[in-house]
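Everything below concerns the one structure shown next.
Just so it is clear, none of the values below were taken in a lab; they were calculated from the coordinates. Predicted, not measured: the structure shown is a model, and the values here were computed from it. Every residue, glycine as well, gets a Cβ built from its backbone with ideal geometry; the counts of neighbours run over all protein chains shown.
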Amino acid sequence: MMNYRALPTSEVIGSQRIVEPNLSPELTPDDPATSVMRDFRKKRPATISADLHIPEARVLMKTADVPLKLVVNRVGEFIGIISLKDILGKKAMSKAHGMGVGVEEVQVRDIMHPANEFPSIHIRNLHDMRIGDVVETFNRTKSDHFLVFEDDAENPGNTCLCGLISASLVARRLHIALDSSARARSFSDIVNAVHGHFE
């Protein structure tokens, strides 16, 4: 039988700095587009049920402290995206008014952004793209997010969501500010923008 020993421990003295994740070297528009993709094959994304009512969703999202969640149906398939801003803003109240019900009866599916709202690409094509190409795609589509799919090994002939690229993440990684009202039409405009952001 293996013999185990207690680890040597020590008392913590005073306050300590918390180490932050190393986000890798500085990125440029010429770096691979995959550098700014949130890879769901490495880290499972935050999800929320489409059937959840808004009051419950509000508590869940605030507790989880995440800006957005992927919306899934009853069998766990991706059908849309919802943000904390959608939950906390006027969108839910407006939808309730339009439906003639109280906001407590509105569900996540009623105010989410459906999957077909967002541009998407197969990951094999993303490998040939640069970050600058992604930015140009955001400019053209005026979208906040970019969906990445791959072939579904479990269901031949189908694809599955494997990643997400957010305009706000691209802005942070390139250390630029993006003008959400103007949505600059060229990459040079974006680099030179000094106010606003996508989210």
Residues that are small (Gly, Ala, Ser) and within 19 Å of the chain's Cα centre (by Cα): does the range 64-79 have at least one? yes
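Mind listing just one residue for me: the one in the range 131-171 that is charged (D, E, K, R) and not in a helix (DSSP H, G or I) and, of those, nearest to the chain's Cα centre (by Cα)? First the steps, then the outcome.
Filtering the range 131-171 for residues charged (D, E, K, R) gives 133, 136, 140, 142, 144, 150-152, 154.
In the following step, the residues that additionally are not in a helix (DSSP H, G or I) were identified as 142, 144, 150-152, 154.
Values: Lys142: 16, Asp144: 9, Glu150: 17, Asp151: 21, Asp152: 21, Glu154: 24 Å.
Looking at residues that are charged (D, E, K, R) and not in a helix (DSSP H, G or I), I get Asp144.
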Note on the range 47-64: residues surrounded by fewer than 17 Cβ atoms within 10 Å (Cβ to Cβ) and over 13 Å from Ile87 (Cβ atoms) are Thr47, Asp51
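In the range 1-100, which strands (runs of 3 or more DSSP E) lie fully inside it and hold 1 or more residues that are polar (S, T, N, Q) and in contact with a strand residue (DSSP E or B) (Cβ under 6 Å, 6 or more places away or on another chain)?
Values: elements: 47-49, 68-72, 78-83.
Qualifying strands (runs of 3 or more DSSP E): 47-49, 78-83.
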Here the qualifying pairs (Cβ atoms under 7 Å; residues six or more apart or on different chains; first in the range 103-122 and closer than 18 Å to Val72 by Cβ and in contact (Cβ under 8 Å) with a residue 24 or more places away in the chain; second in a loop (DSSP other than H, G, I, E, B) and of a type in the set (Gly, Ala, Ser)) come out as Gln107/Ala50; Val108/Ala50; Arg109/Ala50; Met112/Ala50; Phe118/Ser143
